[in-house]
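Notes to accompany the following structure.
Values in this text are rule-based calculations from the coordinates and carry no lab data. Worth saying up front: this structure is predicted, and the values here are computed from it rather than measured. Counting neighbours? That spans all protein chains shown, and the Cβs are built from the backbone with ideal geometry, glycine included.
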Amino acid sequence: MKNLLKSGVAALALSTVASAAAAEGKVVVYPWFEYMPQELVDKFTAETGMRW
Amino acid sequence: MIDTYDSNEAMLASLKAGGMGTYDVAVPGDYMVKIMAGAGLLDTMAEGELANKGNIAAEWADPNFDPGRQHSIPYQWGSTSFAVNRDVYTGDINNTDILFNPPAELQGKINVLDSQGEVMALAALHMDIPQCSTDRDQLKALNAMLLGAKANWVSFNSDTAKEVLVSGDAAAGMIYDGFSAKAREEGANVEYAFPTQGYIAWMDNVVLLNDAPNRENALKFMDFLLVPENVAQLTNWTRYAAGVEGVAPLLDEALRTLPEANPHEGAGQAVFIDACDEEVQAVYDTIWTNLKK
């Protein structure tokens, strides 16, 4: 039950992040090839909820 | 999947050919920021719109290509010259002859960047003529020199510039300093040259495009790219250099002594690419198009 609860909370958290992303929208970036590390893109999304 | 480009000129052409209104930000080099601003492609950021603008390093806060940083923020800076595989050639490499008048060991084994501004500027340094020269004799000589040099080149490519050095498909190649460092770190026995005639210095910048579909978000993204921790993460990955204060203590120890970022004493000057005026640019476009045929 505890585990179930935990995964329920996790799922809720995930859906919150997803809806935050939808609410915050996106930024459309036009960079050189191989010039933006994926980890940095992911960090930006995690901090702002925005997608590329 | 995001769109990318492999040269400043390719990016400009795609934006002019209908790309405006699609993207929020792009990452042009110094001279291209000036050209884009002149062409009316860049939006202006009012004072106070970027919360982290004060983080821009003093030496990059008011560049001649974007006075007052009205349209752009620093992304990364570095240099462009060429790298040589030392298993193939052991002689002196600090001379632009390596690209334009190569020794026998390197003939037919040279990759050149598919990047008009950089090739033209390095060729001008090689010939000791001014960039954007309008002198007919100098232009004729430049054109002839490039066509002659091309006979010794195996490929024109930017996005595989590192891979061809690592694979050995090219024994020498025009390349950016960080890319050359990555080639070396991936096992290629390459040395980055600092030619006595000089080499290219550049700064890439994030610009706010006119008609940006998500202008507010673009500003947040630019602010994100002015936070020292984020810029350090970027710089440790690119192996170039940052234009933001507070980044240095967060960089990999190896970056401090990177051979590709530390010119030797005999190195020529690092020279930024000039933005030619439109009429002159058309002449250089013709030379370039002809060279690429």
I need the P(r) histogram for chain B: all alpha carbon pairs, bin width 10 Å from 0 out to the longest distance, whole percents. 6, 27, 35, 24, 8, 0
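Within 10 Å of each Cβ of B:211-222, how many other protein chain Cβ atoms are there on average? Working shown, then result.
Working: counts 0, 2, 4, 6, 1, 3, 8, 4, 1, 6, 8, 1.
Average per residue, whole number: 4.
What net charge is computed for the residues neighbouring B:Thr22, neighbours being all others with C-beta under 13 Å from the C-beta of B:Thr22, Lys and Arg scored +1, Asp and Glu -1? Don't jump to the answer; show the numbers that get you there.
Working: positive: A:Lys26, B:Lys16; negative: B:Asp3, B:Asp24, B:Asp211.
Around B:Thr22, the charge tally is -1.
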Based on the alpha-carbon gyration tensor of region B:165-250 and its eigenvalue square roots a ≥ b ≥ c, which shape applies: rounded if a/c is under 1.5, prolate if not and a/b is larger than b/c, or oblate? prolate
Across peptide B:140-153, how many C-beta atoms of other chains are within 10 Å of each residue C-beta, on average? 0
Chain B: angle of helix B:136-150 to the longest principal axis, Cα-based, in degrees nearest 10: 70
Magnitude of the Cβ-charge dipole of the protein assembly as shown, K/R +1 and D/E -1, about the Cα centre, nearest 20 debye? 820
Rounded to whole angstrom, the alpha-carbon centroid of region B:218-293 lies from that of region B:53-123 at a distance of 9
Across peptide A:40-49, what mean number of C-beta atoms from other chains lies inside 10 Å of a residue's C-beta? 3
Report the local net charge at B:Pro63: Lys and Arg +1, Asp and Glu -1, summed over other residues whose C-beta lies under 11 Å from its C-beta. -2
Backbone HN-Hα couplings from phi across region B:36-42 [Karplus 6.51/-1.76/1.60, Hz, Gly and Pro as x]: 5, 5, x, 8, x, 8, 10
Taking H placed 1.01 Å from N in the peptide plane, check which residues at least 5 places from B:Ala57 or on another chain put their amide H under 5 Å from its amide H. B:Val244, B:Glu245
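Sorting check: for A:33-39, B:91-97, which peptide has the highest mean count of neighbouring beta carbons within 10 Å, and how do the rest follow? Mind showing how you got there, number by number?
Details: A:33-39: 14.1, B:91-97: 17.4.
Ranking the peptides A:33-39, B:91-97 by packing returns B:91-97, A:33-39.
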Helix B:278-292: angle to the longest alpha-carbon principal axis of chain B, degrees 0 to 90, nearest 10? 50
Crossing angle, helix B:215-224 versus chain B [Cα axis fit, 0-90 degrees, rounded to tens]: 70
Nonlocal amide H pairs with B:Ser81, under 5 Å, H built at 1.01 Å: B:Ile175, B:Asp177
Residue by residue through region B:172-188, the couplings from Karplus 6.51 cos²θ - 1.76 cosθ + 1.60 with θ = phi - 60°, in Hz, x for Gly and Pro, are 8, x, 5, 6, 7, 4, x, 5, 5, 4, 5, 4, 5, 5, 8, x, 6
Quick calc: nm separation of the 7 Å Cα→Cβ label points for A:Ala46 and B:Ser167 -> 3.5
What are the ³J(HN,Hα) values, in whole Hz, obtained from phi via the Karplus relation 6.51 cos²θ - 1.76 cosθ + 1.60 with θ = phi - 60°, for each residue of region B:58-72 in sequence order, with x given for Gly and Pro? 3, 6, 10, 7, 9, x, 5, 7, 7, x, x, 6, 6, 10, 9
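Obtain the radius of gyration and the Kirkwood radius of the protein assembly as shown from its C-alpha atoms and give Rg over Rh. Let's see the in-between values first.
Values: Rg = 21.7 Å, Rh = 21.4 Å.
When Rh is taken as the Kirkwood radius, the ratio is 1.01.
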